[in-house]
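Engineer: Sharing a structure with you now.
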Amino acid sequence: MRKLELHWQILIGMLLGIVFGFVMTQVDWGKGFVSDWIQPLGTIFVTLLKLIAIPLIIASLVKGISDLKDISKFRNIGLRTIMIYVATTVVAITIGLVLVNIAQPGEGISEETIVKLTEAYANDKGVTDKLEEASKQKNSGPLQFLVDMVPENALAALSNNTLMLQVIFFTIFLGISMLLIGEEKAKPLKDFFDALNDVVLKMVDLIMLTAPYAVFALLAGVVVSSSDPDLLLALLKYAGVVVLGLFLMIIFYTIVVGVFTKKNPFWFLKEISPAQLLAFSTSSSAATLPVTMERVEEHIGVDKEVSSFVLPVGATINMDGTSLYQGVAAVFISQALGFDLTFGDQLTIVLTALLASIGSAAVPGAGMVMLVIVLESIGFPADKLAIGLALIFAVDRPLDMCRTVINVTGDATVSMVVAKSVGKLGEPNIKEWDDHLDEIQPKK
């Protein structure tokens with residue numbers, strides 16, 4: 001019997017998790033049962049992915065750089081990566097602003113709904129935490145993100161998943177230094193990182209065996225912890241504009257893949273779908289990164305020299321889905337609270353959302369911190385910021401899940417385009433978790 005493909009297994013797990021979650025909301029003990037006995041399984045899965053993210057970045061990036069025979073190739077890869085990421089982010093924000101100005105979802109929000117949402121969420125810890133974090137980022141200097149990129153302690157950076165840019169900086173520094181001492185002297189260290197890379201990728205394969213069960217647990221947990229359905233319905237038009245914009249970004253990516261890489265866009269979506277489904281379930285580009293790298297390298301054929309740099313950098317600075325959401329959310333909040341925006345304000349939103357996406361962490365909820373920065377850049381009244389966040393807080397988690405899918409898809413798209421431009425897009429080379437199982441089994 002033919003084995004069901006992984007993306008179908010994950011999709012079935014997600015659907016069963018949603019149904020199970022809804023069933024559990026109908027019984028008194030259901031929410032507690034899911035929280036205590038089901039959701040921890042999903043949490044363990046996400047933790048395992050985070051566990052191997054930094055070892056994978058280090059091993060993969062060092063291997064990619066040390067395999068380069070011409071160091072100028074790395075400069076070409078870096079420049080093209082940054083330029084394309086900036087271009088796709090501008091496209092995403094522009095799509096969001098065009099849609100929200102056409103649909104004007106904020107005009108349909110009643111005063112009663114605004115009051116109800118404010119009472120429910122304005123003093124919520126999630127909202128107040130986002131305001132505090134945004135205040136810290138706002139008070140930093142224009143080049144603070146460059147300062148933050150350089151670690152003062154490599155071991156401290158390697159032990160913290162939120163310091164991904166510091167890890168990338170240190171690893172690139174290490175890889176280039178290995179090139180400069182000569183192949184013979186660097187060989188022992190290169191062999192170590194080559195072996196570590198293979199081991200960590202095998203760990204990804206093993207973790208992915210549990211993915212269908214993990215997404216069942218994660219989605220069940222999301223359903224039982226969802227907000228008041230009446231409030232969700234009130235924000236349906238706003239959420240619909242965001243989702244439509246995200247869907248248009250998927251179409252944009254498929255066009256880019258078809259035009260620039262000459263690959264079948266539907267084949268691309270099929271191969272990257274396990275990473276997309278995990279991005280939806282976890283709401284974290286960083287947690288999904290090991291799976292994204294495995295799919296892009298083994299199933300799409302992007303050379304490690306490219307993927308090892310483009311994907312970790314993308315997981316940190318490329319937030320197309322989040323940037324699109326910020327454009328829509330900023331205008332929606334302004335419409336709902338009667339704050340008039342000029343054309344110049346909307347250009348400011350494009351620029352600020354672009355810059356904010358570079359310094360944003362690849363974790364759930366980072367988008368709302370960026371949104372506060374965007375709202376402050378257009379002079380939105382400080383005393384209404386909490387109300388503005390409260391308006392969209394009810395639907396933030398499901399939209400966060402959707403926009404993370406776009407972030408991951410954008411990373412994969414850019415890695416293909418960059419790989420094609422430097423002649424590093426080859427054929428898939430799929431490895432299974434049990435490829436070497438016969439070597440460790442007793443001989444018959």
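None of the figures in this text is laboratory data; all of them are computed from the coordinates on show. Every value quoted in this text rests on a predicted model; they were computed, and no experiment measured them. Note that each Cβ is placed from the backbone with ideal geometry, even for glycine, and that neighbours are counted across all protein chains shown.
Engineer: Using a simple spin-label model with points 7 Å from Cα along the Cα→Cβ vector, what separation in nm is obtained for Gln137 and Asp205?
Structural biologist: Label-label distance for Gln137 and Asp205, simple model: 3.8 nm.
Engineer: Using the beta-carbon distance between Leu337 and Ile430 and R0 = 60 Å, what value does 1/(1 + (r/R0)^6) give for FRET efficiency, to the nearest 0.05?
Structural biologist: Computed FRET efficiency for Leu337 and Ile430: 0.70.
Engineer: A further question on this structure: When the chain is fully extended, how far beyond the present Cα-Cα distance does Met83 get from Phe266, taking 0.36 nm per residue of separation?
Structural biologist: Contour length minus Cα-Cα distance gives 63.3 nm.
Engineer: Once R0 is set to 30 Å, what does the formula 1/(1 + (r/R0)^6) return for the Cβ-Cβ distance between Glu152 and Ile71, expressed as a FRET efficiency to the nearest 0.05?
Structural biologist: FRET efficiency, Glu152 to Ile71: 0.70.
Engineer: As I understand it, the value is the acute angle between the Cα axis of helix 236-256 and the longest principal axis of the Cα atoms of the chain; what does it come to in degrees, rounded to 10?
Structural biologist: Roughly 30 degrees between the two axes.
Engineer: Let me ask something else. Under the Karplus relation 6.51 cos²θ - 1.76 cosθ + 1.60, θ = phi - 60°, what is the ordered set of whole-Hz ³J(HN,Hα) values for the stretch 424-440, x standing for Gly and Pro?
Structural biologist: Each residue of the stretch 424-440 in turn: 10, 9, x, 9, x, 9, 7, 10, 9, 5, 9, 4, 10, 4, 5, 6, 10 Hz.
Engineer: Identify all aspartates and glutamates with a Cα-Cα distance to Lys116 below 20 Å; exclude those on the same chain that are fewer than 8 residues away in sequence.
Structural biologist: Excluding near neighbours in sequence, the set is Glu107, Asp124, Asp228, Asp230, Asp383, Asp396.
Engineer: Mind telling me which of Gly301, Gly426, Gly321 comes out most flexible in a GNM of the chain, alpha-carbon contacts under 10 Å?
Structural biologist: Looking only at Gly301, Gly426, Gly321, the biggest GNM fluctuation is shown by Gly426.
Engineer: Within the set Lys202/Lys262; Lys202/Lys270; Lys73/Lys190, which residue pairs have Cα atoms separated by over 26 Å?
Structural biologist: Lys202/Lys262
Engineer: What FRET efficiency would be calculated for the residue pair Val422, Glu107, taking the C-beta separation as r and a Förster radius of 60 Å, to the nearest 0.05?
Structural biologist: Approximately 0.80, to the nearest 0.05.
Engineer: May I pose another question? Relative to the longest principal axis of the chain, what angle (0 to 90°, nearest 10) does the C-alpha long axis of helix 72-103 take?
Structural biologist: For helix 72-103, the angle is close to 20 degrees.
Engineer: A further question on this structure: Which of these, Gly182, Gly13, Gly367, has the largest mean-square fluctuation under a Gaussian network model of the chain (Cα springs below 10 Å)?
Structural biologist: Ranking Gly182, Gly13, Gly367 by mean-square fluctuation puts Gly182 first.
Engineer: Roughly what angle does helix 164-180 make with the longest principal axis of the chain, taking Cα atoms, 0 to 90 degrees, to the nearest 10?
Structural biologist: Computed tilt is about 20 degrees.
Engineer: So what's the net charge close to Arg403: Lys and Arg +1, Asp and Glu -1, counting the other residues with Cβ under 14 Å from its Cβ?
Structural biologist: After counting each charged neighbour, the total is -3.
Engineer: When you count, for each residue, the other Cβ atoms within 10 Å and take the mean per peptide, how do 382-395, 343-356, 54-67 rank with the highest first?
Structural biologist: Most protected by this proxy first, the peptides run 54-67, 382-395, 343-356.
Engineer: Quick one: which of Lys136/Lys384; Lys63/Lys263; Lys50/Lys187 span more than 20 angstrom between C-alpha atoms?
Structural biologist: Listed pairs above 20 Å: Lys63/Lys263; Lys50/Lys187.
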